[in-house]
Amino acid sequence: MQARGPLMIEHRLIERMIALMSQASARIKSGDVIDPVFIDTVVDFIRTYADRTHHGKEEEILFRDLAKRDLSDGDRSLMIELIEEHVRGRKITRELVEANKRYRDNDASALQDIAAKLDVLADFYPRHIEKEDKVFFPAARAYFTDAEDQAMLAEFWEFDRQMIHEKYKAVVDALKGD
């Protein structure tokens with residue numbers, strides 16, 4: 001398996017969550033209410049899986065290693081664009097958290113804000129994923145030897161192995177008040 005393999009597999013799961021988010025937004029727009037715990041779960045997925053785990057591998061390993069290479073102007077520009085998109089996704093997710101908090105505090109208008117943020121994320125992620133899968137990852141692969149690609153894959157696996165510990169250490173710290 002090439003190093004981009006796990007990233008593309010992760011994209012498929014993110015796409016499945018995006019479909020659930022779109023369905024939730026449609027339900028809200030049709031007049032249904034939504035359980036704020038569902039939004040908490042969406043946020044946890046985005047923050048832990050899509051951002052920290054998936055984008056973490058991209059930013060802390062792939063992009064780090066690519067930054068040391070003599071990238072074409074187009075590839076370097078696209079990498080910067082992808083990083084900016086990650087930042088934008090984090091911002092939208094924070095806004096979703098705030099809307100969900102307002103919804104929990106009985107602000108009825110927050111429900112429409114939740115739907116709007118879900119829609120923004122559901123529009124953003126598929127375009128971002130397609131850009132990575134079809135353009136950036138194939139181009140990035142050309143900058144590494146087979147041995148370097150396999151070393152990166154091993155680093156991805158180690159990154160994933162540590163994620164569960166990072167996640168639940170943060171949970172305990174939060175409950176403890178650290």
Grab the DSSP H runs of the chain that are 4 residues or longer, score each as -39,500 (n - 2.57), total them, divide by all residues and round the 222 nm result to the nearest 500 deg cm²/dmol.
-> -25000 deg cm²/dmol
Please arrange ILE92, ILE114, ILE80 by counting, for each residue, the other beta carbons lying within 10 Å of its beta carbon, fewest first.
-> ILE80, ILE92, ILE114
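Going through the cross-link list LYS68/LYS131; LYS134/LYS167; LYS57/LYS176; LYS29/LYS169; LYS68/LYS91; LYS91/LYS167, which pairs have a Cα-Cα distance over 32 Å in this structure?
Beyond 32 Å between Cα atoms: LYS29/LYS169.
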Which semi-axis lengths, in whole Å and largest first, follow from the square roots of five times the eigenvalues of the Cα gyration tensor of segment 4-176?
-> 33, 19, 13
Note, ILE61: beta-carbon cut-off 10 Å, +1 each Lys/Arg, -1 each Asp/Glu, net -4
Among HIS11, ALA115, SER77 - extreme Cα towards positive end, dipole of segment 1-155, charges at beta-carbon = ALA115
Where the only charges are on Cβ atoms (+1 Lys, Arg; -1 Asp, Glu), what is the dipole of segment 4-176 about its Cα centre, to the nearest 20 debye?
-> 400
Work out how far the C-alpha atoms of segment 45-89 reach from end to end along every principal axis, then list the three figures in whole Å, largest first.
-> 34, 19, 9
When the chain is treated as a Gaussian network with springs between alpha carbons less than 10 Å apart, the largest mean-square fluctuation among THR48, THR145, THR93 is found at THR145
What's the extension gain from HIS165 to ASP40 if we count 0.36 nm per residue and subtract their Cα-Cα distance?
-> 43.0 nm
If we count other beta carbons within 10 Å of each Cβ, what is the order of VAL97, VAL135, VAL171, VAL42, fewest first?
-> VAL171, VAL135, VAL97, VAL42
Hey, if you put +1 on the Cβ of every Lys and Arg and -1 on every Asp and Glu Cβ in the chain, which of TYR103, SER25, THR145 ends up farthest toward the positive end of that dipole?
-> TYR103
Sequence order, segment 53-64: Karplus ³J(HN,Hα) from phi using 6.51 cos²θ - 1.76 cosθ + 1.60, θ = phi - 60°, Hz rounded, Gly and Pro as x, gives 6, 6, 5, x, 5, 5, 6, 8, 10, 4, 5, 4
Which of LYS101, LYS68, LYS57 moves most in a GNM of the chain, Cα contacts under 10 Å?
-> LYS68
Candidates ASP123, ASP44, ASP105; GNM for the chain (alpha-carbon contacts under 10 Å) flags as most fluctuating ASP105
Using θ = phi - 60° and the Karplus form 6.51 cos²θ - 1.76 cosθ + 1.60, what ³J(HN,Hα) does each residue of segment 85-93 get, whole Hz, x for Gly and Pro?
-> 5, 4, 4, 4, x, 5, 5, 4, 5
Nearest 10 degrees, 0 to 90: what angle lies between the long axis of helix 4-29 and the longest principal axis of the chain (Cα atoms)?
-> 20
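Coordinate-derived values only; no laboratory data. Just so we're clear, the structure is a prediction, and the values are computed from it rather than from any experiment. Cβ: placed from backbone, ideal geometry, glycine included. Neighbour counts: every protein chain shown.
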